[in-house]
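No value in this document is a laboratory result; all are computed from the given coordinates. All figures in this text were calculated on a predicted structure; none of them were measured in a lab. FYI the Cβ positions are ideal-geometry reconstructions off the backbone, even for glycines, and counts take in every protein chain you see.
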Ligand code: GLC
């Protein structure tokens, strides 16, 4: 593609990005499924317990949509709630979008920098989009040429980008997750060019074209298998696009083969498909309203968008800390959405916000990592977590944005005995108990941010 065309693609993208800003807020979100089934495989159960200790992870969305900085994949889906720029016909728009494959050239690709930033933020696990709904592969798939490894980046020694992303995080002992979209809008056996594509589903009747459907099923199963076999050890297989079930793409076969091989204990997350292959639930862009004592994770974006978007606003460090405190007290993990830039780095604004989270976690991480829930877990701005022994408790005062840390913190119940320590500086703090009511006196001069206290619960 010529320089001029490249430039046009980017300008278009900037304009689009502004238009989708508002739209993304109410874009499609996966709800939480309405039930949970504990897995029976011992190795999976063990890995799940280990994962529940991690608490804080990152979900990277990186793909064609990152080039212009628009919503991930959804603009090529013709459902009513999606707005495209006015001047495009639907077909014209799709053509422009597919053409981004000829432009995407992340010459600054630096997964080691991603891993440094996320480690410094206190994150412990990562999930990477190997393929989003648009079908563009961020790995060198044997089954399609529609991938980062075949465009302008083909000559780069790191063209098989997923491999390098996973390895950079393995190097830092993160738990590793593979995001994969079951629906594939580029695969002709899913969206066949013979018909229009009115919505997210395959665009034909399965009874009418059983051969197409079978080819789509095989294609998907083959790609999942190649990821599980050729990209190293995974802890989590995170499957998006719950309008197609794992069963429809032979997930059981993929999993049993993978778990019998190098992926022992692989946690399967067939999102929103309640049952044996949804080993944890994934409420999206929201936090459940109460404590839940089976494995779950909220996936929430750091900006308004999963992918990189020009001019985005990011949550502050304190906001992220407060979200993490609430989720931990309710028994879940936080998977924070971050979009690397089209050039392939994590930009300074993201780094800035995450740095503060890491700093807070280095001082207060005891109240988060490896904790479990405690029955009385919340009062006002205070969230309670517990060590696995159930007697050491943590109270996190989540300071609301734009408020000043109060001189005293109060709650009823969870009565302490003995010393109470402020994790931020490791010093004892004074408190008094009247009946069931606890009042903690915070020392003066503390930084204006959320604080965490450690104490032993009275028997
Ligand atoms: C939804 C969206 C998808 C996004 C995912 C992240 O499933 O369809 O675009 O990747 O959420 O949680």
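A viscosity of 0.890 mPa s and a temperature of 25 °C, combined with the Kirkwood radius over C-alpha pairs in the Stokes-Einstein formula, give the chain a diffusion coefficient of 105 µm²/s.
Shape descriptor for the range 38-143: Rg over Rh equals 1.08 (Cα atoms; Rh from the Kirkwood inverse mean 1/r). DSSP assigns beta bridges within the range 54-193; of those with both partners inside it, close to 10 percent run antiparallel. Mean separation of Cα pairs under 8 Å and 6 or more residues apart, divided by the residue count, gives the chain a relative contact order of 18 percent. Please work out, to two decimal places, the log10 of the ratio I(q)/I(0) at q = 0.15, 0.18 Å⁻¹ from a Debye calculation in which every Cα of the range 257-307 carries one identical scatterer. Values, matching the q order: -0.55, -0.72.
Please give the length that would be gained between residue 215 and residue 82 if that part of the chain were fully extended, namely 0.36 nm times their separation in residues minus their C-alpha to C-alpha distance (nm, one decimal).
Computed gain between residue 215 and residue 82 is 45.0 nm.
With everything on Cα atoms, drop me the angle between helix 111-120 and the longest principal axis of the chain, reported from 0 to 90° to the nearest 10. Helix 111-120 and the main axis of the chain meet at about 20 degrees.
Principal-axis analysis of the Cα atoms of the chain puts helix 90-99 at an angle of about 80° to the longest axis. Peptides 448-454, 121-127, 204-210 ordered by packing proxy, namely the average of other Cβ atoms within 10 Å per residue, highest first: 121-127, 448-454, 204-210.
Rg then Dmax, both in Å and based on the Cα atoms of the range 353-404: 12.1, 36.
Note on residue 199 and residue 89: their simple-model spin labels are 2.5 nm apart, each label 7 Å out from Cα toward Cβ. Distance between Cα centroids, the range 68-102 to the range 369-411: provide it in whole Å. The distance from the Cα centre of the range 68-102 to that of the range 369-411 comes to 45 Å. Take residue 150 and residue 226, extend 7 Å from each Cα along the Cα→Cβ direction, and tell me the distance between the two endpoints in nm. Taking the simple label geometry, residue 150 and residue 226 are separated by 0.9 nm.
The protection proxy used here, the mean number of other Cβ atoms lying within 10 Å of each residue, ranks peptides 319-332, 385-398 as follows, highest first: 319-332, 385-398. Computed from Cα atoms, the angle from the helix 317-329 axis to the main principal axis of the chain rounds to 80 degrees.
Over the range 239-337, one equal point on each Cα, no solvent: what is log10 I(q)/I(0) by the Debye formula at q = 0.10, 0.18, 0.23 Å⁻¹? Relative scattering, expressed as log10 I(q)/I(0), comes to -0.36, -0.93, -1.15.
In terms of the mean number of neighbouring beta-carbon atoms within 10 Å, the peptides 360-373, 148-161 order highest first as 360-373, 148-161.
Spacing of the modelled spin labels on residue 289 and residue 256, each 7 Å from Cα toward Cβ, amounts to 4.1 nm.
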